[in-house]
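What follows is calculated from the coordinates using simple rules that are stated; it is not laboratory data. Here the structure is a predicted model, which means the values were calculated and not measured. Note: ideal-geometry Cβ built from the backbone for every residue, glycine included; neighbour counts use all protein chains shown.
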Amino acid sequence: MRVAVGSRWIIVGVVLLACGGPAQAQSMLPGGMPPPPGMSLPQSAAMRFPQPVQVSALLHRDVLQPVPSQRVLGTVKSIVRNGSGTVEAVVEYGGFLGFGARPIAVPIDAMVLLGQDMEIVAYSPKQLNHFPTFSAVGTMPVPSDTIIRVGLAKPSH
């Protein structure tokens, strides 16, 4: 009996070593960690291999929570440029089955592409709950044929 338990631990150890060990296997956040303290969103976005993407390709994508469970937080409704020039994704956020959701504006530098979805990597759902409801006042829609740059996420599986 002890031999079987010991061999199981040996197998687990070999698997962990093959995957790079428990600490190096993957981040707990599939899209990467939020920006370190003192690093701006644009600086951290530049480290995520930003890719050129047409705005129309981002519309209607699900927005996921950056944890292994990958809960859907909302859907991208539009892309806008705010008064200070920052490009933001307007996300229909929260609610249940589409009811009770409200639009919030999330800086595109706080988001990454993950296959056909997007993740918000710089803010937790608790922080997003405190985002103000989006108002189009002072913003300009980004034309759908405009190319912007969005970082890539590492899949969690």
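Quick notes on this structure:
- Dimensionless Rg ratio for segment 31-152, taking C-alpha atoms and the 2.2 N^0.38 Å reference: 0.98
- Toward the positive end of the charge dipole of segment 31-152, with +1 on the Cβ of Lys and Arg and -1 on the Cβ of Asp and Glu, the farthest Cα among PRO42, THR139, GLN127 is that of GLN127.
- Note on segment 89-157: with charges restricted to the Cβ of Lys and Arg (+1) and Asp and Glu (-1), its dipole about the Cα centre is near 160 debye.
- Phi-based couplings in Hz for segment 75-91 (Karplus 6.51, -1.76, 1.60; Gly and Pro marked x): 9, 6, 9, 6, 10, 10, 10, 7, x, 8, x, 6, 7, 10, 9, 8, 10
- Around ALA136: net Lys/Arg minus Asp/Glu count, Cβ-Cβ under 12 Å: +1
- Burial ranking of peptide ranges 52-58, 100-106, 110-116 (average Cβ count within 10 Å, highest at the top): 110-116, 100-106, 52-58
- Taking segment 31-152 and dividing mean pair separation by its residue count, relative contact order in percent (alpha carbons under 8 Å, at least six apart): 35
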